[in-house]
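A short write-up of the structure that comes next.
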Amino acid sequence: MTHDLNQKPLVIAGTFMGIGLGGFFDGILFHQLLQIHNMLSAKYPKTSIANMEINMFWDGLFHSLTYTMTLVGLVLLWKAGARRDVPWSGKTYVGALFLGWGLFNFVEGIIDHHILNIHHVVESHGQSVFDYAFLASGLIFIIGGWMAIRSAQRELQPRHQ
Amino acid sequence: MRRVVSGSVAAAGAFLLPLAVSACPICNTETGRQVRMGIFGDDFWSTLAIVAAPFPVLLLVLAAMHFGWPQSGKRQSNS
(Lines give C-alpha, C1' and ligand atoms only; values in the text may rest on other atoms or scores of the structure.)
Protein backbone atom coordinates (compact mmCIF):
# COMPACT_ATOMS: atom_id res chain seq x y z
CA MET A 1 0.00 0.00 0.00
CA THR A 2 1.36 3.44 -0.88
CA HIS A 3 1.02 6.51 1.35
CA ASP A 4 1.73 10.14 0.53
CA LEU A 5 3.60 11.50 3.51
CA ASN A 6 2.76 15.15 3.93
CA GLN A 7 4.56 17.20 6.55
CA LYS A 8 3.01 20.48 5.40
CA PRO A 9 0.04 20.48 7.83
CA LEU A 10 2.44 20.01 10.75
CA VAL A 11 4.75 22.73 9.40
CA ILE A 12 1.89 25.21 8.99
CA ALA A 13 0.50 24.43 12.46
CA GLY A 14 3.96 24.77 14.02
CA THR A 15 4.64 28.01 12.18
CA PHE A 16 1.37 29.54 13.38
CA MET A 17 2.21 28.48 16.93
CA GLY A 18 5.79 29.70 16.59
CA ILE A 19 4.56 33.14 15.53
CA GLY A 20 2.17 33.24 18.48
CA LEU A 21 4.65 31.93 21.04
CA GLY A 22 7.35 34.22 19.64
CA GLY A 23 4.97 37.12 20.22
CA PHE A 24 4.33 35.97 23.77
CA PHE A 25 8.05 35.56 24.44
CA ASP A 26 8.59 39.09 23.19
CA GLY A 27 5.72 40.41 25.29
CA ILE A 28 6.67 38.63 28.51
CA LEU A 29 10.43 39.14 28.39
CA PHE A 30 10.70 42.56 26.76
CA HIS A 31 7.44 44.35 27.46
CA GLN A 32 6.75 43.09 30.97
CA LEU A 33 9.94 41.85 32.64
CA LEU A 34 12.43 44.26 31.08
CA GLN A 35 9.79 46.93 30.32
CA ILE A 36 11.26 47.88 26.96
CA HIS A 37 10.07 47.49 23.35
CA ASN A 38 6.53 48.69 24.09
CA MET A 39 4.24 49.09 21.11
CA LEU A 40 4.04 52.86 20.65
CA SER A 41 6.98 53.95 22.78
CA ALA A 42 8.41 56.15 19.98
CA LYS A 43 5.14 58.11 19.84
CA TYR A 44 4.23 57.92 23.53
CA PRO A 45 7.49 57.80 25.52
CA LYS A 46 7.06 56.13 28.89
CA THR A 47 7.45 59.33 30.83
CA SER A 48 3.98 59.45 32.38
CA ILE A 49 1.37 57.04 33.71
CA ALA A 50 -0.98 57.99 30.86
CA ASN A 51 1.64 57.20 28.21
CA MET A 52 2.50 53.91 29.90
CA GLU A 53 -1.18 52.94 29.93
CA ILE A 54 -1.60 53.86 26.26
CA ASN A 55 1.38 51.64 25.44
CA MET A 56 -0.09 48.89 27.62
CA PHE A 57 -3.39 49.03 25.71
CA TRP A 58 -1.70 48.67 22.32
CA ASP A 59 0.62 45.96 23.71
CA GLY A 60 -2.52 44.11 24.79
CA LEU A 61 -4.10 44.50 21.39
CA PHE A 62 -0.96 43.21 19.70
CA HIS A 63 -0.85 40.22 22.04
CA SER A 64 -4.52 39.50 21.31
CA LEU A 65 -3.40 38.92 17.73
CA THR A 66 -0.49 36.68 18.80
CA TYR A 67 -2.99 34.80 20.98
CA THR A 68 -5.20 34.32 17.91
CA MET A 69 -2.24 32.98 15.93
CA THR A 70 -1.47 30.52 18.74
CA LEU A 71 -5.09 29.41 18.86
CA VAL A 72 -5.20 28.86 15.09
CA GLY A 73 -1.94 26.89 15.37
CA LEU A 74 -3.44 24.74 18.11
CA VAL A 75 -6.52 23.93 16.01
CA LEU A 76 -4.35 23.12 12.99
CA LEU A 77 -2.10 20.93 15.14
CA TRP A 78 -5.17 19.04 16.38
CA LYS A 79 -6.33 18.52 12.79
CA ALA A 80 -2.85 17.43 11.68
CA GLY A 81 -2.78 14.95 14.55
CA ALA A 82 -5.90 13.28 13.21
CA ARG A 83 -4.41 12.74 9.74
CA ARG A 84 -2.57 9.49 9.11
CA ASP A 85 -0.68 10.93 6.14
CA VAL A 86 1.00 13.53 8.38
CA PRO A 87 4.14 12.07 9.96
CA TRP A 88 4.31 12.89 13.68
CA SER A 89 7.82 14.28 13.67
CA GLY A 90 9.19 16.23 16.63
CA LYS A 91 12.00 17.61 14.50
CA THR A 92 9.53 18.93 11.93
CA TYR A 93 7.38 20.51 14.61
CA VAL A 94 10.23 22.13 16.56
CA GLY A 95 11.70 23.35 13.27
CA ALA A 96 8.35 24.91 12.38
CA LEU A 97 8.10 26.55 15.81
CA PHE A 98 11.50 28.20 15.26
CA LEU A 99 10.54 29.11 11.71
CA GLY A 100 7.44 30.88 13.07
CA TRP A 101 9.35 32.59 15.85
CA GLY A 102 11.96 33.77 13.35
CA LEU A 103 9.28 35.04 10.98
CA PHE A 104 7.69 36.95 13.83
CA ASN A 105 10.97 38.62 14.86
CA PHE A 106 11.97 39.41 11.30
CA VAL A 107 8.65 40.74 10.03
CA GLU A 108 7.83 42.64 13.23
CA GLY A 109 11.35 44.06 13.32
CA ILE A 110 11.35 45.20 9.69
CA ILE A 111 7.88 46.75 9.81
CA ASP A 112 7.76 48.26 13.31
CA HIS A 113 11.41 49.15 13.97
CA HIS A 114 12.64 50.09 10.51
CA ILE A 115 9.69 51.08 8.30
CA LEU A 116 7.05 52.52 10.62
CA ASN A 117 9.46 53.41 13.46
CA ILE A 118 6.66 53.08 16.04
CA HIS A 119 9.06 51.61 18.58
CA HIS A 120 12.52 50.19 18.96
CA VAL A 121 13.91 47.40 21.10
CA VAL A 122 15.47 49.92 23.49
CA GLU A 123 13.64 53.19 22.90
CA SER A 124 16.20 55.35 24.68
CA HIS A 125 18.78 54.27 22.06
CA GLY A 126 16.39 54.83 19.11
CA GLN A 127 17.25 52.67 16.13
CA SER A 128 20.27 50.81 17.41
CA VAL A 129 22.29 47.63 17.36
CA PHE A 130 19.52 46.00 19.44
CA ASP A 131 17.09 46.39 16.52
CA TYR A 132 19.57 44.75 14.17
CA ALA A 133 20.23 41.96 16.71
CA PHE A 134 16.46 41.41 16.82
CA LEU A 135 16.38 41.05 13.02
CA ALA A 136 19.43 38.78 13.10
CA SER A 137 17.75 36.52 15.67
CA GLY A 138 14.79 36.29 13.31
CA LEU A 139 16.97 35.27 10.39
CA ILE A 140 18.88 32.72 12.48
CA PHE A 141 15.62 31.14 13.69
CA ILE A 142 14.19 31.08 10.16
CA ILE A 143 17.28 29.38 8.73
CA GLY A 144 17.60 26.98 11.69
CA GLY A 145 13.92 26.08 11.58
CA TRP A 146 13.96 25.59 7.83
CA MET A 147 17.06 23.37 8.06
CA ALA A 148 15.41 21.25 10.77
CA ILE A 149 12.29 20.82 8.61
CA ARG A 150 14.39 19.87 5.58
CA SER A 151 16.41 17.44 7.64
CA ALA A 152 13.25 15.86 9.07
CA GLN A 153 11.84 15.53 5.55
CA ARG A 154 14.55 13.00 4.73
CA GLU A 155 13.69 10.89 7.77
CA LEU A 156 9.90 10.83 7.51
CA GLN A 157 8.28 7.58 8.51
CA PRO A 158 4.65 6.56 8.15
CA ARG A 159 2.76 6.57 11.42
CA HIS A 160 2.28 3.34 13.31
CA GLN A 161 -1.26 2.29 14.06
CA MET B 1 -6.88 33.70 62.56
CA ARG B 2 -10.03 34.51 60.62
CA ARG B 3 -9.91 38.07 61.94
CA VAL B 4 -6.29 38.42 60.80
CA VAL B 5 -7.15 37.17 57.29
CA SER B 6 -10.19 39.42 56.91
CA GLY B 7 -8.22 42.37 58.30
CA SER B 8 -5.40 41.72 55.82
CA VAL B 9 -7.84 41.50 52.92
CA ALA B 10 -9.52 44.74 53.99
CA ALA B 11 -6.15 46.48 54.37
CA ALA B 12 -5.01 45.22 50.97
CA GLY B 13 -8.26 46.40 49.42
CA ALA B 14 -7.98 49.81 51.02
CA PHE B 15 -4.40 50.07 49.78
CA LEU B 16 -5.04 48.81 46.25
CA LEU B 17 -8.40 50.44 45.51
CA PRO B 18 -7.15 54.02 45.04
CA LEU B 19 -4.31 52.71 42.86
CA ALA B 20 -6.75 50.72 40.77
CA VAL B 21 -8.97 53.73 40.31
CA SER B 22 -6.16 56.08 39.36
CA ALA B 23 -4.51 53.54 37.05
CA CYS B 24 -7.64 52.35 35.29
CA PRO B 25 -7.84 53.48 31.66
CA ILE B 26 -11.62 53.22 31.65
CA CYS B 27 -12.15 55.01 34.97
CA ASN B 28 -13.35 58.55 35.40
CA THR B 29 -10.10 60.13 36.54
CA GLU B 30 -7.79 62.66 34.95
CA THR B 31 -5.33 59.90 34.02
CA GLY B 32 -8.15 57.76 32.67
CA ARG B 33 -9.35 60.70 30.55
CA GLN B 34 -5.85 61.25 29.13
CA VAL B 35 -5.51 57.56 28.35
CA ARG B 36 -8.89 57.42 26.62
CA MET B 37 -7.98 60.47 24.56
CA GLY B 38 -4.66 58.86 23.65
CA ILE B 39 -6.21 55.55 22.65
CA PHE B 40 -9.59 56.48 21.17
CA GLY B 41 -8.61 59.75 19.50
CA ASP B 42 -8.90 60.62 15.82
CA ASP B 43 -5.99 58.35 15.00
CA PHE B 44 -7.47 55.21 16.57
CA TRP B 45 -8.09 53.36 13.30
CA SER B 46 -4.79 54.35 11.74
CA THR B 47 -2.96 53.29 14.91
CA LEU B 48 -4.87 50.01 14.89
CA ALA B 49 -3.80 49.40 11.30
CA ILE B 50 -0.19 50.22 12.18
CA VAL B 51 -0.13 47.97 15.25
CA ALA B 52 -1.70 45.07 13.33
CA ALA B 53 0.48 45.61 10.22
CA PRO B 54 2.87 42.67 10.74
CA PHE B 55 0.04 40.13 10.85
CA PRO B 56 -1.25 40.42 7.26
CA VAL B 57 2.36 40.03 6.12
CA LEU B 58 2.81 36.95 8.32
CA LEU B 59 -0.46 35.51 7.00
CA LEU B 60 0.73 36.11 3.43
CA VAL B 61 3.92 34.18 4.19
CA LEU B 62 1.86 31.36 5.70
CA ALA B 63 -0.45 31.37 2.67
CA ALA B 64 2.59 31.13 0.39
CA MET B 65 3.88 28.22 2.46
CA HIS B 66 0.50 26.50 2.24
CA PHE B 67 -0.55 27.19 -1.35
CA GLY B 68 2.78 27.89 -2.98
CA TRP B 69 4.55 24.63 -2.28
CA PRO B 70 2.20 22.07 -3.76
CA GLN B 71 4.73 19.23 -3.91
CA SER B 72 7.06 20.25 -1.11
CA GLY B 73 7.14 18.02 1.92
CA LYS B 74 5.53 15.08 0.12
CA ARG B 75 7.30 11.81 -0.30
CA GLN B 76 6.26 8.43 -1.46
CA SER B 77 6.81 5.52 0.85
CA ASN B 78 5.67 1.97 1.03
CA SER B 79 4.17 0.37 4.07
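Yes/no per residue for (1) within 26 Å of A:Val107 (Cβ to Cβ); (2) at pLDDT 95 or above; (3) in contact with a Ser or Thr (Cβ under 7 Å, 6 or more places away or on another chain):
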residue	(1), (2), (3)
B:Pro25	no, no, no
B:Val35	no, no, no
B:Gly41	no, no, no
B:Ala49	yes, yes, no
B:Phe55	yes, yes, no
B:Leu59	yes, yes, no
B:Leu62	yes, yes, yes
> Mind checking whether some residue in region A:116-139 is facing chain B (nearest Cβ under 9 Å), out of contact with any Ser or Thr (no Cβ under 6 Å at 6 or more places or on another chain) and loosely packed, with under 14 Cβ neighbours inside 10 Å?
Replying inline: no
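Answer yes or no as to whether A:Ile110 is more than 12 Å from every other protein chain (Cβ to nearest Cβ), under 15 Å from the mean Cα position of the chain (by Cα) and part of a helix (DSSP H, G or I).
Numbers: more than 12 Å from every other protein chain (Cβ to nearest Cβ): no; under 15 Å from the mean Cα position of the chain (by Cα): yes; part of a helix (DSSP H, G or I): yes.
No; evaluated as a whole, the condition is false for this residue.
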> Quick one: is A:Val94 out of contact with any helix residue (DSSP H, G or I) (no Cβ under 6 Å at 6 or more places or on another chain), surrounded by 13 or more Cβ atoms within 10 Å (Cβ to Cβ) and away from every other protein chain (no Cβ under 11 Å)?
Replying inline: yes
> Looking at (1) touching an Asp or Glu at 6+ places or on another chain (Cβ under 6 Å); (2) open to solvent by less than 10 Å² (accessible area, probe 1.4 Å), which is the only condition A:Asn6 fails?
Replying inline: (2)
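Check B:Trp69, B:Trp45 and return the single one that is modelled with pLDDT of 60 or more and either surrounded by fewer than 10 Cβ atoms within 10 Å (Cβ to Cβ) or part of a loop (DSSP other than H, G, I, E, B) (or both). Give the derivation first.
Details: B:Trp69 fails: modelled with pLDDT of 60 or more.
Step by step, each of B:Trp69, B:Trp45 is checked, and only B:Trp45 is modelled with pLDDT of 60 or more and either surrounded by fewer than 10 Cβ atoms within 10 Å (Cβ to Cβ) or part of a loop (DSSP other than H, G, I, E, B) (or both).
Residues checked against (1) touching a residue at least 40 places away in the same chain (Cβ under 8 Å); (2) open to solvent by 70 Å² or more (accessible area, probe 1.4 Å); (3) among the basic types (Lys, Arg); (4) at the interface with chain B (Cβ under 9 Å from one of its Cβ atoms):
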residue: A:Lys46; (1), (2), (3), (4): yes, yes, yes, no
residue: A:Thr66; (1), (2), (3), (4): yes, no, no, yes
residue: A:Val72; (1), (2), (3), (4): yes, no, no, no
residue: A:Arg83; (1), (2), (3), (4): yes, yes, yes, no
residue: A:Trp88; (1), (2), (3), (4): yes, yes, no, no
residue: A:Trp101; (1), (2), (3), (4): yes, no, no, no
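Which of the residues belonging to region A:26-44 are of a type outside the set (A, V, I, L, M, F, W, C) and within 14 Å of another protein chain (Cβ to nearest Cβ)? Steps first, please.
First, the residues of region A:26-44 that are of a type outside the set (A, V, I, L, M, F, W, C): A:26-27, A:31-32, A:35, A:37-38, A:41, A:43-44.
Hits for region A:26-44 are A:Asp26, A:Gly27, A:His31, A:His37, A:Asn38, A:Ser41, A:Lys43, A:Tyr44.
The values are calculated or read from the model by the stated rules, or taken from the named source; none is laboratory data. Treat the numbers as computed from the prediction; the structure is a model and nothing was measured. When we count neighbours, we look across all protein chains shown, and the Cβ atoms used for this are built from the backbone with ideal geometry, even at glycine. Accessible surface areas use protein heavy atoms only, side chains included; no ligands, DNA or RNA. Shrake-Rupley method; radii C 1.70, N 1.55, O 1.52, S 1.80 Å.
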